C-alpha cells in the first residue's frame, strides 16, 4: 500500500496510517486538529464537518484513502481567512453560538453553502445547514447569521 | 453598558467558532490510557460469575470489589450503584471498567470478558413505586360533591433524550496523591461529593474541573457522578491519565432521560368554572430512584401552572422499572405536567362548549392568588399583557377562527405557563447553601469564583456582566475561568434555572461588598452566602407554602400545517412572550428562548424514544430524531421587564422556562389541524394516522 | 488485507478480478456499518478497493437514447447538472444531507441496496440500467435485476458499477415524495416516485415506485401496464381499487422509525393523491 498523501490546510502531507481509518480520527489524533468534533460517528450531526475541495463533508464517514490527492481544510485553517472573519462576526452579532460543540462544523457548513450560493434565500440556508444538528439554538439565530454574513461579505464568495 | 440587558459579544464565542475551545475529548495527554465499561445485556439478572481472561500488560479491570468506600452514587436517593454487585437491574448497567493503554487492546479485552448471568423476570410496568408524594389545597372533596359536572382525562408523555451534541466524557489524572477529573459536567461539586463518598478519601485528594461543555440540558447533572466514580477508582489505582469518552450509542443507551409520564386528571366544574382538580401523576423512574423524587415533586408543583384552581388534590408516584434510570432534563418534571394541565384546561373548555381561550383566561393566575401549595404569588404577574402581546404577534384570534374550518389542516395552539426559579422550597437555604467569592488581585482584576458552569447558556458572559456592571469595571477586568473545585467555593449546581438568579444575585451582592471596601492595588477576597428571604415558608413534608422564591412566566403560540396525505407536521411559526424579570443580556435570552422552544415543541411532535423489553429502540442520532434547521420555524420572541427584587438587576430564571410550554402549544395546534383530540405526546405522524383511522371507522 | 486506491478503471478491474473485495465508493454506508470504536480503523475483513477518486468513473455523458452517469459522480454534482432529469434532481435534493451529498454516489446507493434508498426509488421509475463491468464483460442490467433484497445484489465479485444509464423519457407529470422521520437529514419511512405521460388524455406511460415498504423498491409493471391506453378519468375512477392492489403486494414493517400501519396508509394516500391529480 502506498502512503496516502493529501493537502491538509494548504500543506501537502503524507501519512502512513491505515487507509480505512476515519479521517476524523486522523485529523484529531494524528494531526491534533481537534476543531472537528465527534457528535454521532455516523454522519448524522455534522460536528465533524471539514471541507473537501471546498465542499462540506462529514469526516467521521470518510476513510482516509478517499482523501488521497485531494484538499482537506479544517476549521483551524479556515479560521485564518477573511471569509471566516465575516462569518464569525455575523455569528456573534446574531447570537449563533451557545455550547459551541456544533459550531466549527456549522461554520464549515456556512462556508460550503455560501461557496455555492453567495446570496441564499432563507429556505436555501435551512437546507444548507440541515446536516448540522444544533441542540442549543433552534437554528434561527444561525440562519440570520448566514444572511448577515452573505450581505456583509458581499464579493468574498 | 448603560442597561444590563444590552447585548454584548459572548466572551467565549471566538474560541468556540474557531474550534480552539477545549472539550474533554480534545485533551490528549502523555501516556494516556483509555477506559470502557462492561455492561449488562439483561434487564434484570443475577451475576453468577465473572470470567476475566489473562490480561495483557497494562490492562486492568475494576468492579464493585475495588470500591474503597460506598458503592452508590451520592445523590438524593442513594440507591444507584457505581458498579453492579450481585444483580443488574437494567440493560446497560455497568458491571466492570476496563482500562488499557490503547483502544485496540481495550476493545479486545472488553470483548473477551465473560459475565455469566441468571436472568430474572424484569418489571416494565408501573407497579412498584419508590416515591409517593401528595398535597392538597382547599377542599377538593367538597368541590367534587357539589360539582355540576366532572370531567376526566388521562395524558401521556414519552421519553425525551437530551441529545446534547457532545457525548459524556471524563479524563482523569493523578499527581502527588491527588486525583483530578476533568469532565463535561454541570455540577462540579456533585461530582466531587460523589467521589468523596465512593472513594472515602480526604477532601484534598480529589479535584474536579469543568472542561468546555458541549450541551447538557440536565443530562450532565447527575449522570457524570457515576462515570467519575468509576474512573477515579482506576486513576487512583493506576496513577495514570485515563480518558473515558462515550460514543453516541453508549451515551444514548445508558444515560438518563426525561421520565415518561401518565397523568390522570379530574375536574369538578360548577358555574362554568373549574372548582377543583384531582391529579395523579405517575413517572417511570427506571431502575434506580436517583433524582426521580425531586422530578416528581416539581411535576406536581406545576399542577395548576398559570391558573388559579381553588381546590386541589394532587398525588404522584415514581415507579421503579427495569429500564435505564431517568433523571434531570431541562424543565425537570414541569414539561410533563404542563402538557397535561394545558391540554386539560383546553379540553374542559371545549367540553363545556365554551371558547377554550376565554375559558382558560378566566382561570388565569393573578397577583396575590394562592399557589398550588397555598403559597402566595407575591410579585406582579403580567400574563394579561403578555397574552395580548403574543396573540397580536401571531394574529392568533383570526387564525384560530379560520382554522376551525374543515379540511384546511392548519392549526394554532397556545400555552400559558410558569416556571419556579431555583430549588424547591427551602432547598437553597437548607441543602445547597450556595457560596460565592470574588477575588480582587493587585492589578485590580476581579476573579469570579463560583462553581457555575457555562454549558452554552452564557453564564460566563452574564455573570461577568453582572460583576462588571456593579463595579463599573470594563468587562476584561473581570475574569471567569471554568470552575475547578480547588479554586472555587460550592455555589451550587448549574441546574433549576438558578444560576442567573441565585448565583448572579450573590455575585451582585459580593460585588457591592467589594465596591464598598475597594482598595486599589490590594489583593483580597470577599464572600457571600445565600440567605433565604424571610417571607419564604415551606414545609417539605406536607408540601405546603412557597414552593419557589420566584416564578418566571411565558406564553407560546405555535402554528402548524398537517399534511393530509402523510400526516407530517410542519411547524410554520412560533411566537412567544416571556417574563424572566430582567434579561441580563437580551441576545442570550433570545437564544435561550429559541433553543428551549425548539426542544419543547419537538418534545410534543417529533422526538420519539421507546424501549422493548428494556432495550431502547432508538440507539443513535439516526434513530432518535431531533429537529434540523429545516424542521424549525422562524420565531418571534419578546421579553418583557418585570424585575424581581432579589435577582441581580431583577433577573429571574430563564433556562427552563422556554421549554416547558412548547409541547402543549404544538399539540393543541395539531389537534385543531386534524380535528382529533390529542392526549399523548409525541403527536407523531404515526399517532395521527392512528387517531384518523380509529375515528373514521 | 490489502488496500488499493486504483488510478484507473482498468486497474480497478484487475484488482477486483483477483477475488472478493470490498468495493468502497464514498464510504458513507460502509464506514457506518463496519464502524469500530473511536480511534480505530473500520472493521473491514476483506481487501478494500477505494473507487471514489477513479477519474474514469467521473463523467456525465449524453448518449443516443439517454444519459449515462459515471458510477462515482457525487450526488452533489448531479443536483446541479442540467442534463439530469428533473425528477431525479428533485429526489436528490432530499438525499441525506449536504455533507453526504459530496461523497455519496449513485453506484454506492445501488450497491448498498437499502429498501429506503431515496435515489433508488426514482432510478426504478426511470427504468435505469446499471452497467456492470468486469475485465471479461460489460452487462447492462435493469436496476430491479441488480437489487434483490436488503443489502443483496446480483453484482459479481469481479464486477463494479461503471455507470448508470437513464433512458430518455419525457413525462407530463412527475412527483417525488419523501416521507422521512423529519424534513431533512432523514431516512425515509415511505418514499414515492410517480411519472405519467398523457397524450390526448390517454395514459401513454405510467410508473409508480415505492420506497421503504418492501424488501426492495417496489414497482409493479403489470399493474402499470393495465393503466396504459386508458382515459385519465377512467384511471382516476379506479384509484381506490388500484391502491388496494398495491397494498396487497407491499410488505411494510414495524421498526424504530415507523410502523406497518402508517406505511400502508401513507402508501395508499400518496398513490391516491397522485392518481387523483389526473382528474
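No value in this document is a laboratory result; all are computed from the given coordinates. All values derive from a computational prediction rather than experimental measurement. Every residue, glycine as well, gets a Cβ built from its backbone with ideal geometry; the counts of neighbours run over all protein chains shown.
Here are a few things to note about the model shown:
- Which of B:632, B:501 has the fewest Cβ neighbours within 10 Å, and the rest in rising order: B:632, B:501
- Distance between modelled label sites at residue B:445 and residue C:86, nm, 7 Å Cα→Cβ extension: 6.3 nm
- Residue C:225 versus residue B:118: modelled label distance in nm, points set 7 Å from Cα along the beta carbon direction: 6.5 nm
- When the alpha carbon gyration tensor of the stretch A:4-74 is reduced to an equivalent ellipsoid, its three semi-axes come out at 17, 13, 11 angstrom, largest first.
- With coordinates expressed along the principal axes, the C-alpha atoms belonging to chain C extend over 60, 45, 30 Å, beginning with the largest.
- Between residue B:31 and residue B:520, the modelled label-to-label distance comes to 5.1 nm, taking each label 7 Å out from Cα in the direction of the beta carbon.
- Overall Cα dimensions of the stretch B:214-255 - principal axes, largest extent first, Å: 32, 19, 18
- Cut-off 20 Å, label 7 Å out along Cα→Cβ of residue A:152, residues of the stretch A:113-134 by amide N: A:113-122, A:125-126, A:129
- Other protein chain C-beta atoms within 10 Å of residue C-beta, averaged over B:97-108: 2.
- If R0 is taken as 25 Å, the Cβ-Cβ distance between residue C:136 and residue C:64 corresponds to a FRET efficiency of 0.45.
- Beta bridges by DSSP in the protein assembly as shown, antiparallel share as percent, to the nearest 5: 80 percent
- Value of Rg/Rh across the stretch B:51-181 [Cα atoms, Kirkwood radius]: 1.15
- Volume in Å³ per residue [convex hull over Cα atoms, computed for the stretch B:566-697]: 145 Å³
- Expected-Rg normalisation [2.2 N^0.38 Å, Cα atoms] applied to the stretch B:191-232: 1.20
- Zero-based 10 Å bins, Cα pair distances in the stretch A:1-139, whole percents: 12, 44, 32, 10, 1
- Radius of gyration and maximum dimension Dmax of the stretch A:62-157, Cα, Å: 13.3, 39
- Footprinting exposure proxy for B:190, B:357 (fewest neighbouring C-beta atoms within 10 Å first): B:357, B:190
- Stretchable slack from residue B:476 to residue B:111, in nm (0.36 nm times residue separation minus alpha-carbon distance): 126.3 nm
- Principal axis box of chain B, alpha-carbon based, largest edge first, Å: 76, 69, 47
- Taking only the Cα atoms of the protein assembly as shown, the ratio Rg/Rh comes out at 0.97, with Rh defined as the Kirkwood radius.
- Cα-based values for the stretch B:452-597, radius of gyration first and Dmax second, are 20.1, 72 Å.
- Beta-bridge orientation, chain B: approximately 75 percent antiparallel, per DSSP, counting only bridges with both partners inside.
- Over the stretch C:10-115, the hull volume per residue, using the convex hull of the C-alpha atoms, is 134 Å³.
- Shape analysis of the stretch B:427-529 yields a ratio of the Cα radius of gyration to the Kirkwood radius, Rg/Rh, of 0.94.
- Among beta bridges identified by DSSP and lying wholly in the stretch B:274-397, the antiparallel ones come to about 15 percent.
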